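The values are calculated or read from the model by the stated rules, or taken from the named source; none is laboratory data. The structure displayed is predicted, hence computed values, not measured ones. Here the Cβ is made from the backbone with ideal geometry for all residues, glycine too, and neighbour counts use every protein chain on show. Protein only, heavy atoms only, side chains kept; ligands, DNA and RNA dropped before computing areas. Shrake-Rupley method; radii C 1.70, N 1.55, O 1.52, S 1.80 Å.
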Amino acid sequence: MVVVGADVHKRTHTFVAVDEVGRKLAEKTVTATSHGHAEAVMWARERFGSEVVWAIEDCRHLSARLERDLLTAGQKVVRVPPKLMAQTRASARTRGKSDPIDALAVARAFLREPDLPVASHDEGSRELKLLVDRREVLVAQRTATINRLLWRVHELDPAHAPKARSMDLAKHQGILGQWLATQPGLVAELARDELADIVRLTEAINAVAKRIGERVRALAPTLLAMPGCGELTAAKLVGEAAGVTRFKSEAAFARHAGVAPIPVWSGNTAGRVRMTRSGNRQLNAALHRIAVTQIRLDGLGQTYYRHRLAQGDSNREALRCLKRRLTRVVFGHLHTDHQNHQTACQPAAA
């Protein structure tokens, strides 16, 4: 088996091939275009045959096109977390940093962690990720604009400052707009412009949220039925999982999500564990929201959390255990929704 590590950039991609023990065999740099990707595939086939695994540093905005082109060409693709690549490079005998050094570190990182999830085509999860990311960008823009507007209002008259967290509501936007219309001067003019931006961004956010809701109800109805899992959280889980079938087990999914406990004991502290700091932090945050919500609701989550507390766990340890347990449930729901969606997409028998 030959592993080809890829260091991706905006204009070029550098590939380094290694054997099963990590010895460098060859390297190649191509342009970051579909033509360049096809050139890299032909290079790998001519040099190493068909037994090739492509290990790509997981930089979604830079590596997405490369992944799609490789998968379309029938290649096996594995995503390597940047943190894992950096650790491998830091422990290597070769010092310094360059594109070939980084690509070599990516390939050797895969050899050190052969159970990394493979990449796969999943248009449904990709669409949800794009929509969720777009909504988060719009929300961040609106938050920054609201903060600027509040300072304008404070400068004009602090008594007319809107209620906290109310500027996403049409009622409070209208009230503030009516008052600003009566105020003279440049500060009021800028405030009116920023309020108009907030109204526009709110409409865009609501429109994207509606699309997310429609899409996630079609793709993940089982996951949505889970207590504490709303439409945005479900969309985040589906989008960041990027195809649940690429994980060989729920334990691998938990490790990817950063909720699998790792041992931190020595000597008399035998058995102690803590939550890993690695993994997909977006998946971790989504699971955290479900766990915190279930703790407040009557149900199995709250019962399990209280059971862990009664066993002597701290609040943090009990929450960690609940998140790990919920990961198993989420993994099962994602598989169920995937199978149901695949069955529904199959044509009916004649």
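General observations
- Rounded to two decimals, the Cα-based Rg/Rh of region 183-274, with Kirkwood Rh, is 1.28.
- Percent of C-alpha pairs per 10 Å bin, region 84-237, short to long: 9, 25, 18, 20, 16, 10, 2
- What a 1.4 Å probe finds exposed on the chain is 53% carbon and sulfur by accessible area, rounded to a whole percent.
- Accessible area per residue, Å², region 173-299 with all protein chains present, probe 1.4 Å: 49 Å²
- This model, with +1 at the C-beta of Lys and Arg and -1 at the C-beta of Asp and Glu, gives region 36-146 a dipole about its Cα centre of some 420 debye.
- Protein-only accessible surface at a 1.4 angstrom probe places the residues Ile262, Ile290 in the order Ile262, Ile290, largest first.
- Within region 35-171, all pairs of alpha-carbon atoms sorted by distance into 5 Å bins from zero give the percentages 2, 8, 13, 14, 13, 10, 8, 6, 6, 7, 6, 4, 2, 1, 0.
- Sorting the segments 97-105, 313-321, 178-186 by their residues' average number of neighbouring beta-carbon atoms within 10 angstrom, most packed first, yields 97-105, 313-321, 178-186.
- Here the Kirkwood formula, the inverse mean of 1/r across different C-alpha pairs, assigns the chain a hydrodynamic radius of 23.5 Å.
- In this Cβ point-charge picture (+1 for Lys and Arg, -1 for Asp and Glu), the chain has a dipole of about 980 debye about its Cα centre.
- When the P(r) is computed for region 76-143, the part past 14 Å accounts for 68% of the Cα-Cα pairs.
- Rh (Kirkwood; distinct C-alpha pairs) - region 141-209, Å: 12.0 Å
- Along the axis of the charge dipole computed for the chain (Cβ charges of +1 for Lys and Arg, -1 for Asp and Glu, origin at the Cα centre), the listed residues Ala73, Ser91, Asn147 are led at the positive end by Ser91.
- Rounded to the nearest whole Hz, the Karplus-based 3J(HN,Hα) values (6.51 cos²θ - 1.76 cosθ + 1.60, θ = phi - 60°) of region 280-294 follow the sequence 6, 6, 5, 4, 4, 5, 5, 5, 5, 4, 5, 5, 4, 5, 5, with x at glycine and proline.
- Between region 1-52 and region 58-84, the Cα center-to-center distance that results, in Å: 12 Å
- For the chain, the relative contact order comes to 13 percent (Cα pairs under 8 Å, sequence separation of at least 6).
- Fully extended contour minus Cα-Cα distance, from Val187 to Thr29, at 0.36 nm per residue: 51.5 nm
- For the chain, the longest principal axis of the alpha carbon atoms and the long axis of helix 123-156 meet at an angle near 40°.
- Computed [θ] at 222 nm, helices only, for the chain once each DSSP H run of length n ≥ 4 contributes -39500 (n - 2.57): -20000 deg cm²/dmol
- Were the residues from Val21 through Leu169 laid out at 0.36 nm apart, the gain over their Cα-Cα distance would be 47.3 nm.
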